[in-house]
Amino acid sequence: MEKFDYIVVGAGSAGCVLANRLSADGQHSVLLIEAGGTDWNPFIHMPAGLAKLVGFKSINWNYETAPEPQLNNRQLYWPRGKVLGGSSSINAMCYCRGHRKDYDHWQDLGNPGWGSVDVLPYFMKSEDNQRLNNEFHRSGGLLSVADLKYTNPLSGVFIDAAEEVGYTRTDDFNGLRQRGVGYYQVTQKNGQRHSTAEAFLKPAKSRSNLTVWTKTLAHKVLLADKKATGLLVERKGKVFAVQANKEVILSGGAINSPQLLMLSGIGVAAELAEHGIECQHELPGVGKNLQDHLDVCLVQACSQKITYDTISEVLSGLKYWLFKQGPGTSNVAEAGAFLQSSLADDDRPDLQFHFVPAILDDHGRNRIKGSGYTLHMCVLRPESRGQITLQSADPKQQPHIQANYLAVEHDLQLMVEGFKIQRKIFSATAFDPYRDSEIFPGSDTQSDAEIIEFIRRKAESIYHPIGTCKMGSDVMAVVDQNLKVHGIEGLRVVDASVMPTLVSGNTNAPTIMMAEKISDHVLSRA
């Protein structure tokens, strides 16, 4: 049996960071396993290529939820990265940390060391910001954070329109004040995607004490007397065990990590028994507390041929591959906003917007002819909670995902108000030279009841599932404040699943921060 000090399961936003940091001093042997393959696909590295990635099932888990009762029983598409870099290899690269009060709230929930003052140094540790250098930002880290090299003129029009209707412009969503409208900074370097595979794994791959296995599926964590001793994996058609001398660290994300815990006999005994799995350790919170950002798109036809629907893909591709310039460097969701509704209960923005200078429908899978622009809107801190459960004891079978969107009326009320803000921005005079008819939902949708019907018919995930292995000390907590699984020695979960509540923004940067923080903690005790 091969032996390693640390086995990290999942080479995504957290796993690549852990692999780099835990192997850095050369004193510990580290195995990083990834169910997907290498990140060779050129569309991964070309930022605008993300529009093409939806068609590559080989680098995506291609999850679907169960029928969602409040969304006309639709099954929602949940893409998750199945490739080196994980979802940081297929996302829109927006670098957003959330609001400082998100982390102070985590601390108030019984997680000492996770307040805003505690986490800021770990955001900054990673960061190599190409523009900002101040009390919130630095250069010199491994993760390049940059302004977009190219933006469509309509993204500037969106910012002007939002200002026109009363919202404040900002040049940094991650500074002293999150609220406002502006351009997103992105995880890019020299016009190319800077995934965690590029930023953290690539510089470490040549280390003799770091082993990376791709196309390797974890079957279960091996346990002996409430201690994680290793991992059962499948690789190259063989199922075998690997031993962990120190720790097994799960970094599979909000779906795969709770699934692996349950397959290992950690969870709700009665639920595990339904699939013939013997309970090794009762933890009722495994898979529960699922949260996600539900998103709805307002789509407007454009009267001028300046959107990404009408540009030449061949010319844009040539400009990108030859010079790393032009539309190919765009993340497509170039500008956005963090705004506050009338229902906000503190000074945090409770709505987030992403502007796309193209027609977007069904995650880009439904291509609509013509030219247009799209405004995404999501409720940042939904009160609805779902769960992940097993459908089978077979690790190759997708788990059962019940997001339970809009189960709480407050979330729906916020979505309606957010939709009205979308319309207000698009009706500003700044858009007058470009505005044509409304594509989705259409101008005949006016009453609250009609807006609600549209939301139920068209809302989709914006890819931020969290919470299914939440940290805390209450009965439903799965890990403690050091992300150790309660009651099991030598086992941690380090990924977005441990977040007790959603952050007010995209989840990639916070996940990287968490891996940075826990790497320090693990090494200080090694």
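The values are calculated or read from the model by the stated rules, or taken from the named source; none is laboratory data. Bear in mind the structure is a predicted one, so any value in this text is a computation, not a measurement. Here the Cβ is made from the backbone with ideal geometry for all residues, glycine too, and neighbour counts use every protein chain on show. All accessible areas refer to the heavy atoms of the entire protein, side chains included, with ligands and DNA or RNA removed. Shrake-Rupley method; radii C 1.70, N 1.55, O 1.52, S 1.80 Å.
Only Cα pairs under 8 Å and 6+ residues apart enter the sum, and on that basis the relative contact order of segment 453-498 stands at 32 percent. The Stokes-Einstein estimate for segment 215-338, based on a Kirkwood radius over Cα pairs and taken at 20 °C with 1.002 mPa s viscosity, is a diffusion coefficient of 111 µm²/s. Computed over segment 116-191, the percent of Cα pairs more than 21 Å apart is 34.
Rg then Dmax, both in Å and based on the Cα atoms of segment 44-142: 17.9, 48.
If each DSSP helix of 4+ residues adds -39,500 (n - 2.57) and the sum is divided by the residues in the chain, what number results at 222 nm, nearest 500 deg cm²/dmol? Calculated from helices alone, the mean residue ellipticity at 222 nm is -7000 deg cm²/dmol.
Solvent-accessible area per residue in the chain equals 37 Å², computed with a 1.4 angstrom probe and all protein chains kept.
When the Cα atoms of segment 359-509 are aligned to their principal axes, the ranges along those axes come out at 63, 31, 30 Å in descending order. For the chain, the relative contact order comes to 23 percent (Cα pairs under 8 Å, sequence separation of at least 6). Give me the angle, in degrees from 0 to 90, between the Cα long axis of helix 508-524 and the longest principal axis of the Cα atoms of the chain, rounded to the nearest 10. Rounded to the nearest ten degrees, it is 30. The P(r) of segment 162-212 has a tail past 13 Å containing 70 percent of all C-alpha pairs.
The Cα atoms of segment 78-217 cover 56, 42, 34 Å along the three principal axes, with the biggest extent listed first. Other residues within the sphere of radius under 13 Å centred on the Cβ of residue 346, judged by their own Cβ, net out at -1 (K and R +1, D and E -1). Taking all protein chains together, 400, 137 sort by accessible area into 400, 137, largest first [probe 1.4 Å]. Under the criterion of Cα pairs below 8 Å and six or more residues apart, the relative contact order for segment 127-228 equals 21 percent. When Rg and the Kirkwood radius Rh are both evaluated on Cα atoms of segment 335-448, their ratio Rg/Rh stands at 1.05.
Reported to the nearest whole Å, the Cα centre-to-centre distance from segment 181-229 to segment 1-47 is 4. Can you give me the % of accessible surface on segment 323-414 that is carbon or sulfur? Probe 1.4 Å, all protein chains present, nothing else counted. Using a 1.4 Å probe with all protein chains present, segment 323-414 comes out at 45 percent carbon and sulfur. Estimated from the Cβ-Cβ distance and a Förster radius of 30 angstrom, the FRET efficiency linking residue 56 and residue 130 is about 0.55. Each Lys or Arg adds one and each Asp or Glu subtracts one; over the other residues with Cβ under 10 Å from the Cβ of residue 60, this totals +3. The share of Cα pairs per 5 Å bin across segment 32-78, counted from zero up to the longest distance, runs 5, 17, 20, 17, 15, 12, 9, 4, 0 percent. Note on the chain: with charges restricted to the Cβ of Lys and Arg (+1) and Asp and Glu (-1), its dipole about the Cα centre is near 1840 debye. Computed over Cα pairs, the Kirkwood radius of segment 446-526 leads via Stokes-Einstein (0.890 mPa s, 25 °C) to a diffusion coefficient of 166 µm² per second. Summing charges over neighbours of residue 327, with a neighbour being any other residue whose Cβ is under 15 Å away from its Cβ, gives +3 when K and R count +1 and D and E count -1.
Size of segment 1-105: Rg and Dmax of its alpha carbons, in Å, are 17.2, 54. Residue-normalised convex hull volume from the C-alpha trace of the chain: 137 Å³ per residue.
In degrees, nearest 10, range 0 to 90: what is the angle between the Cα axis of helix 313-323 and the longest Cα principal axis of the chain? Once rounded, one gets 60 degrees.
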